[in-house]
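The values are calculated or read from the model by the stated rules, or taken from the named source; none is laboratory data. Source: prediction; values computed, not measured. Note that we place each Cβ from the backbone using ideal geometry, even for glycine, and neighbour counts take in every protein chain shown.
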Amino acid sequence: MKSVQRQQLKRLEWIARLTPANCPGGLPTTDRAWRDLVNRMVRDVRKVLSDLSDASDKSDRSDPSNKKPGLLHKHGGYRKLRGFQVASLVYDATRIFCDRFITRRSRTHDQMVQAARSGRQNIAEGSMAAATSKKTELKLTNVAKASLEELLLDYEDYLRQNKLSLWQKDSAEALAVRQRFRSYPQAWFESDLSDPSDKSDKSDPSDESEPLDPYDTAKANAEVAANTLICLINQAIYLLKRQLETLEQSFLNEGGFTERIYRKRQEQRRRQRRV
């Protein structure tokens, strides 16, 4: 396995030894030439990382004993979290709601959209940061929950200020919304889960893909749409509270990245002494 890694990394030696005198095609003189050079470097690095990952997967399949815990914590996989999925519904529906019922000139429009986006994006960012910092994952997940709580107040304020009724928690309408999410069809999220390796643009609010709107926010009146979103936000906050409890327990049991590095280093020293 190590020989394969060395062989793959040799393909990147040209980057490490790059100087103005040995640039492929000569030293770039235009912005486009510089972009082409950088893109070539990025492509080569990505290809080597992909090949190393494939080789590692094959090694793991052929010899189960090779599956040892690595230095990095488990991270990513946030697209399969129900909390992230309901936060995605809230974000897309909030964009639709604000465009329909709140003037774009109002600061409230931007604040509500940004709060919804923060609720979604911080779940993703925290999940990826978990590789090297459980503390950061806890912090960002809590930021996501706080953003959604802020958004919840905005919807409650909208109903109160416009003299619209707020559904009771155990009303038939609220129960129907919660029940529908519990039994949501996987098709709601298939486009978001189909290819996890190519999702970098999905988090961009300028993304032109069709928003998720299984609750017909685009057609519902303001009272129904706001109450539906309140139900979904409460569901998201509940799920994030449970996620935070799990993360806290994991941190207490496994420690942070610094502690993990220390344990790995101690294990390495013990092996070296035995040799």
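Couple of notes before you dig in:
- Residue check for VAL113: at pLDDT 90 or above, crowded, with 19+ Cβ neighbours inside 10 Å and more than 14 Å from TYR215 (Cβ to Cβ): yes
- ASP157 vs. criteria at pLDDT 85 or above, surrounded by fewer than 17 Cβ atoms within 10 Å (Cβ to Cβ) and outside any loop (DSSP other than H, G, I, E, B): yes
- The residues listed here are THR136, THR132, THR141; of these, the one that is in a loop (DSSP other than H, G, I, E, B) and modelled with pLDDT under 95 is THR132.
- Residue that is farthest from the chain's Cα centre (by Cα), among those in the range 80-105 that are more than 18 Å from ALA218 (Cβ to Cβ) and buried (at least 20 other Cβ atoms within 10 Å of the Cβ): VAL86
- Wholly within the range 1-108, helices (runs of 4 or more DSSP H) carrying at least 3 residues that are modelled with pLDDT of 75 or more and either on the phi > 0 side of the Ramachandran plot or aromatic (Phe, Trp, Tyr) (or both): 82-101
- Residue pairs meeting the criteria (Cβ under 6 Å; at least 6 apart or on separate chains; first in contact (Cβ under 8 Å) with a residue 12 or more places away in the chain and of a type in the set (Ser, Thr, Tyr), in the range 96-112; second surrounded by 15 or more Cβ atoms within 10 Å (Cβ to Cβ) and not in a loop (DSSP other than H, G, I, E, B)): none
- The single condition among (1) under 20 Å from ALA225 (Cα atoms); (2) modelled with pLDDT of 95 or more that TRP188 does not meet is (2).
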